[in-house]
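Asks: First, the structure itself, so that you have it in front of you.
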Amino acid sequence: MDKLLKPYNSQDTEDRIYASWEQGGFFNPDVCIQKGYTASDADYFSIVLPPPNVTGTLHMGHAAMLAIEDIAVRYNRMCGKRTLWLPGTDHAAIATQSKVETILYKEEGKRRHDLGREELLKRVEKFAQDSHDTIVNQVRKMGSSIDWSREAFTLDEKRNLAVRTAFKKMFDDGLIYRGYRIVNWDPKGQTTISDDEIVYKESKTTLYTFRYSKDFPIAISTTRPETKVGDTGVAVNPSDERYKHLIGKEYDITFAGVPIHVKIVADEAADPAFGTGAVGVTPAHSQIDWQIAQRHKLPIVPVINEYAKMADSTGTLAGKKVTDARIEIVEWLKKEDLLEKEEDVAHNIATAERTGATVEPLPKLQWFINVNKEFTLPYSNITGIASGSVTTLKELMRAVINNGQIKIIPDRFEKIYFQWVDNLRDWCISRQIWYGHRIPVWYKGEEIFCGMEAPTGEGWVQDEDTLDTWFSSGLWTFSTLGWPDMNSADLKNFHPTSLMETGYDIIFFWVARMVLMTTYLLGEIPFKTVYLHGLVRDAKGQKMSKSLGNLIDPLEMIKKYGADATRMSLIIGTGPGNDMKLSEDKVRGYKNFANKIWNATRFVLENVKDCDYSQKPILTEGDEKAIAEFEITLKDVTADIDNYRYYLAGEKLYHYFWHTFADVYIEQSKSRLSADKNSTDHISVQWTLLYILENCIRALHPFIPFVTEELWAMLPTHNKKMLIVESWPVVR
RNA sequence: GGGCGGUUAGCUCAGUUGGUAGAGCGCAACAUUGACGUUGUUGAUGUCAGAGGUUCGAAUCCUCUACCGCCCACCA
């Protein structure tokens, strides 16, 4: 009790409280049942933590995620549910490997091939382990009531079993296939990437209009003249009168010293209104051109290689950087008087999300997931898709949102989700990096084998590639619960998960992929509700970044102001789907709030020493009214939490406690407390003070768990059960 | 090009089914040996982006416009 005399000190409190929660086993739903805190037949509430990448440390966005999820978890635990929050981390394949490669090059001047697969993997694993340890510590510091006994990693053995099982099933169903086609190639990362891993950057460039040769009848336009040495066709619209007579004609040309053969074809893809209405077709360097080439059986001539240099087939240009080749070709065009027009245009350049390199479209043999292929779904718990019916992955992804089984908050993101699904092409899942789940496919000559283990017999070689990291994270909500063991107790008890709380920036990367994998593999939804939070920005609304120097480190805030204050500052003032602004002042403000609760409690405890709380006395009319007013707030707050309006719930509690309970009720209680001790008024005010305080502390607990837990132990109103497993206050 | 969101007090934002505007911070004045100065009390400030419409009544619903931000596609 002596410590109440000083201001609240979060540093002396938080670690100690967290340790006693952990020792009590309260984070583990099984222990809660064993110890009688939760009824074994109670309803369940489960969240699987979006696994942070093991690429370093947590930032404020993670802190916000942890705060929101912990509120949901603590609230539901207090409501008596069997509550599971399952932690884990993500190996984040490309992100982690490229980070380690950068360090390797900086510190030792070495590249991945200097070390070899095994040695590089050792380095990456060491780095990942260190990051993991840092992250786990940070998650604890935030006060997350998360079940560490169930911790998972997207690249551990159990998840690897899940990945191989999923891959094999999709392979056997013909949904995973190997195909030679144009993929997004990252020349810096030396790997393919998916469409979603591309970031478009706007820049100015020149659009050149020219002819291949003096004799060629049509002028074409391009922003990439160097790729034109790989042209094998010119496409015109079949309805275009200007060029009708030329369709089918073929030309042999020496273009910038490189012999090319070009056929004029009719294709709807050519827009008569754009440029000259004719498209130079470079099958090896453009998705659309590739498709045109397929339709007209045009040959494919490589132009650019894996190192973003001109390919061997480009004659005198071979081995040159694309930018140099471009200059050379433009000069040649000018010299030959073939260039008809140069104009500045705004253009989007495709860059790789992780490495920043300019992405080159290249034809490659890769593994894909077919999102449009029909298959039979043996079991389905999806409304509108019967067990045993024929469907597609795209259809499944649409169905569960359409039929309302999954609710996205805020709902405007449902539209964005559908837009993505509609535009979705086959998902390229193979990556030419070493850190990740190895593709479970083996080759022997022409033979291909896909299985859980290597095939028996001599001469089988496993595919060198690994899987896109989102393949394994797509399985996260059920691979962490024991799948593919269908008898797993966790899977039965906690799936589908209740809530998926994550950033809106990964709705496509992750949320959609989880839906794809879960509906396909389990015939189930992965989660009932998706709550999307926004980005944490600085006080001016700028993105936080190292280069801007406006990063706010969660650990530093926790150290200075406490985890409680940090959590409150990340909750209040921001609804779902909106970016949140954060400043140190805001965090400081909520530190004051923790202290306010602390001091209000001190005042109450000092003045109710002789109160018999177990016996509710007859209350004055005013006190009954005060309690009723509190209960209105409580009801409101409960409804807000039930409807995922955590920001409103937190603000209402804050406001009620400070400006109603402390400023009004406690203030007016002062004169009453100094009156006759045995008067009914005195007894009434004492009891009411304790009653409202106790229930405020309960209600505040999910938001500011540490200070409330600390104060709870000092209240004379209860037996010695910890607040974390106490019940949420109910309106009488 | 397609779509989404925003525009409310100096700043950050609430405003959950339409009933003539709220909170925090900031600002100003006052109070204070009193649970807390990490405090309290009082106060000022808004043609709710603009225009039109529906309605007895609109910040709230509809249409259009402007500006800001974001997402998707990517046209050679």
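The values are calculated or read from the model by the stated rules, or taken from the named source; none is laboratory data. What you see is a predicted model, and the numbers here were worked out from it, not measured in a lab. Virtual Cβ from ideal backbone geometry, glycine too; neighbours counted across all protein chains shown.
Asks: Out of curiosity, is A:V345 touching a residue at least 24 places away in the same chain (Cβ under 8 Å), within 11 Å of RNA strand B (Cβ to nearest atom) and surrounded by fewer than 14 Cβ atoms within 10 Å (Cβ to Cβ)?
Replies: Answer is yes for this residue.
Asks: Shifting gears a bit: Name the residue, out of A:A95, A:A72, that is under 22 Å from A:A565 (Cβ atoms), part of a helix (DSSP H, G or I) and among the small types (G, A, S).
Replies: A:A72
Asks: Based on this model, can you work out whether A:S669 counts as of a type outside the set (D, E), in a helix (DSSP H, G or I) and within 16 Å of RNA strand B (Cβ to nearest atom)?
Replies: Criteria met by A:S669.
Asks: Read through the list (1) assigned to a helix (DSSP H, G or I); (2) of a type in the set (A, V, I, L, M, F, W, C); (3) over 16 Å from A:D490 (Cα atoms), then give the number of the only condition that A:A39 fails.
Replies: Every condition holds for A:A39 apart from (1).
Asks: Let me ask something else about it. Is there a residue in the stretch A:433-452 that is within 16 Å of RNA strand B (Cβ to nearest atom) and without any contact (Cβ under 8 Å) to a residue 12 or more places away in the chain?
Replies: no
Asks: If you take just the strands (runs of 3 or more DSSP E) that sit entirely in the stretch A:164-245, which of them hold at least 2 residues that are more than 11 Å from RNA strand B (Cβ to nearest atom) and under 21 Å from A:W290 (Cβ atoms)?
Replies: The strands (runs of 3 or more DSSP E) meeting that bar are A:176-186, A:191-193.
Asks: So which of A:S10, A:S46 is under 30 Å from A:L155 (Cβ atoms), crowded, with 20+ Cβ neighbours inside 10 Å and of a type in the set (G, A, S)?
Replies: A:S46
Asks: Kindly list, by first and then second residue, each pair from a residue in the stretch A:567-583 that is more than 21 Å from A:F413 (Cβ to Cβ) to a residue that is of a type in the set (D, E, K, R), limited to pairs with Cβ atoms under 6 Å and residues at least 6 apart or on different chains.
Replies: A:S569/A:K586; A:I572/A:E651
Asks: If A:A284 meets every condition in (1) surrounded by fewer than 17 Cβ atoms within 10 Å (Cβ to Cβ); (2) in contact with a strand residue (DSSP E or B) (Cβ under 6 Å, 6 or more places away or on another chain) apart from one, which number is that one?
Replies: For A:A284, the exception is condition (1).
Asks: Check whether at least one residue in the stretch A:625-644 is more than 27 Å from A:N76 (Cβ to Cβ) and within 14 Å of RNA strand B (Cβ to nearest atom), and report yes or no.
Replies: For the stretch A:625-644, residues more than 27 Å from A:N76 (Cβ to Cβ) and within 14 Å of RNA strand B (Cβ to nearest atom): absent.
Asks: Residues being over 21 Å from the mean Cα position of the chain (by Cα) and either charged (D, E, K, R) or within 18 Å of A:A92 (Cβ to Cβ) (or both): count how many of those fall in the stretch A:440-486.
Replies: Summing the residues that are over 21 Å from the mean Cα position of the chain (by Cα) and either charged (D, E, K, R) or within 18 Å of A:A92 (Cβ to Cβ) (or both) in the stretch A:440-486 gives 9.
Asks: Just one of A:K415, A:K407, A:K444 is among the charged types (D, E, K, R), within 30 Å of A:L115 (Cβ to Cβ) and surrounded by fewer than 21 Cβ atoms within 10 Å (Cβ to Cβ); which is it?
Replies: The match here is A:K444.
Asks: Given (1) buried (at least 19 other Cβ atoms within 10 Å of the Cβ); (2) among the β-branched types (V, I, T); (3) without any contact (Cβ under 8 Å) to a residue 60 or more places away in the chain; (4) more than 16 Å from RNA strand B (Cβ to nearest atom), where does A:I327 come up short, assuming only one miss?
Replies: Every listed condition holds for A:I327 apart from (1).
Asks: Within the stretch A:545-590, count every residue that is within 8 Å of RNA strand B (Cβ to nearest atom) and either β-branched (V, I, T) or closer than 21 Å to A:V139 by Cβ (or both).
Replies: Total satisfying the criteria: 2.
Asks: Assess whether A:D642 counts as being charged (D, E, K, R) and modelled with pLDDT under 90.
Replies: no
Asks: Determine if the stretch A:691-702 includes at least one residue that is in a loop (DSSP other than H, G, I, E, B) and exposed (fewer than 15 other Cβ atoms within 10 Å of the Cβ).
Replies: No, the stretch A:691-702 contains no residue that is in a loop (DSSP other than H, G, I, E, B) and exposed (fewer than 15 other Cβ atoms within 10 Å of the Cβ).
Asks: Do we have any residue at all in the stretch A:263-273 that's crowded, with 23+ Cβ neighbours inside 10 Å, among the aliphatic types (A, V, I, L, M), more than 41 Å from the chain's Cα centre (by Cα) and within 15 Å of RNA strand B (Cβ to nearest atom)?
Replies: Looking for residues that are crowded, with 23+ Cβ neighbours inside 10 Å, among the aliphatic types (A, V, I, L, M), more than 41 Å from the chain's Cα centre (by Cα) and within 15 Å of RNA strand B (Cβ to nearest atom), one finds at least one in the stretch A:263-273, hence yes.
Asks: Sort through A:D196, A:D231 and tell me the only one that's modelled with pLDDT under 90 and within 23 Å of A:I182 (Cα to Cα).
Replies: Just one listed residue meets the conditions, A:D196.
Asks: Looking at (1) closer than 19 Å to A:L317 by Cβ; (2) in contact with an Asp or Glu (Cβ under 6 Å, 6 or more places away or on another chain); (3) within 13 Å of RNA strand B (Cβ to nearest atom), find the lone condition where A:I292 falls short.
Replies: (1)
Asks: When the stretch A:632-690 is examined, which residues are found to be in contact (Cβ under 8 Å) with a residue 60 or more places away in the chain, exposed (fewer than 13 other Cβ atoms within 10 Å of the Cβ) and within 42 Å of the chain's Cα centre (by Cα)?
Replies: Within the stretch A:632-690, just A:K635 meets the criteria.
Asks: Checking the condition under 24 Å from A:M544 (Cα atoms), modelled with pLDDT under 95 and either of a type in the set (A, V, I, L, M, F, W, C) or surrounded by 20 or more Cβ atoms within 10 Å (Cβ to Cβ) (or both), which residue from A:A128, A:A63 passes?
Replies: After applying the criteria, what remains is A:A63.
Asks: Suppose we keep only residues that are more than 22 Å from the chain's Cα centre (by Cα) and small (G, A, S) within the stretch A:543-568. Which one would you say is farthest from A:K596 (Cα to Cα)?
Replies: Restricting to residues being more than 22 Å from the chain's Cα centre (by Cα) and small (G, A, S), the top hit is A:S547.
Asks: Kindly provide the set of residues from the stretch A:630-686 that are farther than 20 Å from A:T601 by Cα and polar (S, T, N, Q), ordered by number.
Replies: If the condition is that a residue be farther than 20 Å from A:T601 by Cα and polar (S, T, N, Q), then A:T638, A:N643, A:N678, A:S679, A:T680 are the ones that fit.
Asks: Something else about it: Which of the residues that make up the stretch A:534-551 are in contact (Cβ under 8 Å) with a residue 60 or more places away in the chain and either out of contact with any Asp or Glu (no Cβ under 7 Å at 6 or more places or on another chain) or surrounded by fewer than 11 Cβ atoms within 10 Å (Cβ to Cβ) (or both)?
Replies: Matches in the stretch A:534-551: A:V536, A:L551.
Yes/no matrix, rows are residues, columns are (1) within 18 Å of A:E151 (Cα to Cα); (2) within 16 Å of RNA strand B (Cβ to nearest atom):
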| site | (1), (2) |
| --- | --- |
| A:W470 | no, yes |
| A:S473 | yes, no |
| A:T477 | yes, no |
| A:W483 | yes, no |
| A:M486 | no, no |
| A:L491 | yes, no |
| A:F509 | no, yes |
| A:T518 | no, no |
| A:E524 | no, no |
